[in-house]
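Participant: Handing you a structure now.
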């Protein structure tokens, strides 16, 4: 990534790393869940949050990979508090099991980072027969968030610290299907486009955070909800596009963010004091950014909420 990127109002830029944007912040006493923590920016977000004293629960599909990441972090940071729990976001049964186990553990929850995602996959259905990208990137996180809200509310009330929900979206939300969310054709194979379906799921991440923020404000709940674009990063998300993967590997070091830079905005929104009290916003390069008008459509937010509630019942 270009080292001379211009800093925004926050004092950070696209070249800032997760360690840099959290420098001097003490996260001791906070507990966070990070989904998709066994690779890429999920791993780096976990490492840096743990470095700042946060107790991080890694929600991972692959427990063996999760165990390896946990061991590597503790080896580097002996004081780190990191645990791994199994979660497959493409399965509602797995999401319910994870939430039930988390609640029964009695752990508090200050920060929920909805990070896990798949990108531009061939047409596939989830275990619940819903198009896989929408099911994994949005619906699993929607259900997980709803099931953990009581725990977050109790933690915020008891700790007198605002809870934070962080949805990792993408600038790809600009390339969703023309109508945004295809409510009537969510799992339609005949008109499926891998990139438009990815964009749709990322648009859903923003709409979800905005609707949460609106509801929290209405109900006077001490939790914020924001979304973000981590930046274009060379990670294993490109594995379903072999030609693109080849290009990424060759030119990526020049034009794309590295993983520490890619995790920066997540850690900034999750931990930085500048984001205290900020809710319903979209961030990029650790600064406020503007999503599409569609991503700020309140009617679409409410419609997606009701649609998601019906699908997760």
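Participant: Could you count how many residues in the range 199-230 are free of Cβ contacts under 8 Å to residues at least 60 places away in the same chain and closer than 25 Å to residue 259 by Cα? Steps first, answer last, please.
Facilitator: Of the residues in the range 199-230, the ones free of Cβ contacts under 8 Å to residues at least 60 places away in the same chain are 199, 215, 218-220.
Subset that is closer than 25 Å to residue 259 by Cα: 199.
Counting residues in the range 199-230 that are free of Cβ contacts under 8 Å to residues at least 60 places away in the same chain and closer than 25 Å to residue 259 by Cα gives 1.
Participant: Please go through the range 185-213 and give me each residue that is part of a helix (DSSP H, G or I) and surrounded by fewer than 17 Cβ atoms within 10 Å (Cβ to Cβ), ordered by number. Explain how you work it out, then say what you get.
Facilitator: From the range 185-213, those part of a helix (DSSP H, G or I) are 185, 194-213; that's our starting set.
Those that are part of a helix (DSSP H, G or I) and surrounded by fewer than 17 Cβ atoms within 10 Å (Cβ to Cβ): 185, 194, 195.
Participant: Follow-up question, since we're still on this one. So, of the residues in the range 23-51 that are out of contact with any strand residue (DSSP E or B) (no Cβ under 6 Å at 6 or more places or on another chain) and buried (at least 22 other Cβ atoms within 10 Å of the Cβ), which turns out to be farthest from residue 77 (Cα to Cα)?
Facilitator: Keep residues of the range 23-51 that are out of contact with any strand residue (DSSP E or B) (no Cβ under 6 Å at 6 or more places or on another chain), which gives 23-30, 36, 39-41, 43-44, 47-48, 51.
Next, only the ones that are buried (at least 22 other Cβ atoms within 10 Å of the Cβ) stay: 27, 30, 36, 41, 43-44, 47-48.
Working: 27: 14, 30: 17, 36: 20, 41: 18, 43: 14, 44: 13, 47: 9, 48: 10 Å.
So the residue we want is 36.
Participant: Between 157, 191, which is farther than 15 Å from residue 209 by Cα and in contact with a helix residue (DSSP H, G or I) (Cβ under 9 Å, 6 or more places away or on another chain)? Steps first, please.
Facilitator: Numbers: 157 fails: in contact with a helix residue (DSSP H, G or I) (Cβ under 9 Å, 6 or more places away or on another chain).
Exactly one of 157, 191 is farther than 15 Å from residue 209 by Cα and in contact with a helix residue (DSSP H, G or I) (Cβ under 9 Å, 6 or more places away or on another chain), namely 191.
Participant: Does residue 69 satisfy the criteria of being part of a strand (DSSP E or B) and crowded, with 17+ Cβ neighbours inside 10 Å? Outline the logic, then answer.
Facilitator: On the way: part of a strand (DSSP E or B): no; crowded, with 17+ Cβ neighbours inside 10 Å: yes.
Spelling it out, it is not the case that residue 69 is part of a strand (DSSP E or B) and crowded, with 17+ Cβ neighbours inside 10 Å.
Participant: Still on this structure, I have one more. May I ask you to list the residues in the range 118-138 that are on the phi < 0 side of the Ramachandran plot and in a loop (DSSP other than H, G, I, E, B)?
Facilitator: Hits for the range 118-138 are 118, 119, 121, 122, 123, 124, 126, 127, 128, 130.
Rule-based calculations on the coordinates, nothing more; no lab input. Quick caveat: nothing in here was measured; it's all calculated off a predicted structure. Please note: Cβ atoms are built from the backbone with ideal geometry, for glycine as well, and neighbour counts cover all protein chains shown.
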